[in-house]
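Engineer: Handing you a structure now.
Bear in mind that the values in this text are calculations on the coordinates, not laboratory data. Remember, predicted model here, so these are calculated numbers, not experimental data. For neighbour counting, all protein chains shown are included, and Cβ atoms are generated from backbone atoms with ideal geometry for every residue, glycine included.
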Amino acid sequence: MLSNPPDDPWTQERQRIGTRIRDARMAHNLTQETVVLAIPMNRSYYQDIEAGRANPTLNTLLDIAATIGIPLADLVR
């Protein structure tokens with residue numbers, strides 16, 4: 001599991017983005033496995049993204065948004 005220092009100012013924002021990713025994935029009736037196989041990506045890393053513990057690259061967020069079928073802006077708004 002990745003850890004973030006308690007004073008990391010971006011932790012809450014990563015958690016909000018992770019929640020938006022999870023909610024969008026579930027709204028489109030996709031499992032985590034479906035998303036990670038389509039990208040492809042390590043499932044534990046994807047879980048860390050949804051939990052807000054990871055700091056994904058822009059390319060990773062673009063891949064996730066495209067796989068789920070939503071605009072990137074909906075994840076990071």
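Engineer: Between 0 and 90 degrees, rounded to the nearest ten: what's the tilt of helix 58-68 against the longest Cα principal axis of the chain?
Structural biologist: Here the helix axis deviates by roughly 40 degrees.
Engineer: Also, quick follow-up: Using helices alone, what [θ] at 222 nm do you get for the chain, with -39,500 (n - 2.57) per DSSP H run of 4 or more residues, divided over all residues and rounded to the nearest 500?
Structural biologist: -18500 deg cm²/dmol
Engineer: What distance in nm lies between label points placed 7 Å from Cα along the C-beta direction at S44 and N59?
Structural biologist: Inter-label distance under the simple model: 2.3 nm.
Engineer: Out of region 1-76, which trypsin sites (Lys or Arg not before Pro) are coil in DSSP terms and have no more than 14 other C-beta atoms within 10 Å?
Structural biologist: none
Engineer: At what distance in nm do the modelled label points of W10 and R77 sit from each other, each positioned 7 Å from its Cα along Cα→Cβ?
Structural biologist: Reported label-point gap for W10 and R77 is 2.2 nm.
Engineer: Does region 31-77 come out rounded, prolate or oblate, given a ≥ b ≥ c as the square roots of the eigenvalues of its C-alpha gyration tensor, rounded meaning a/c under 1.5 and, failing that, prolate meaning a/b above b/c?
Structural biologist: oblate
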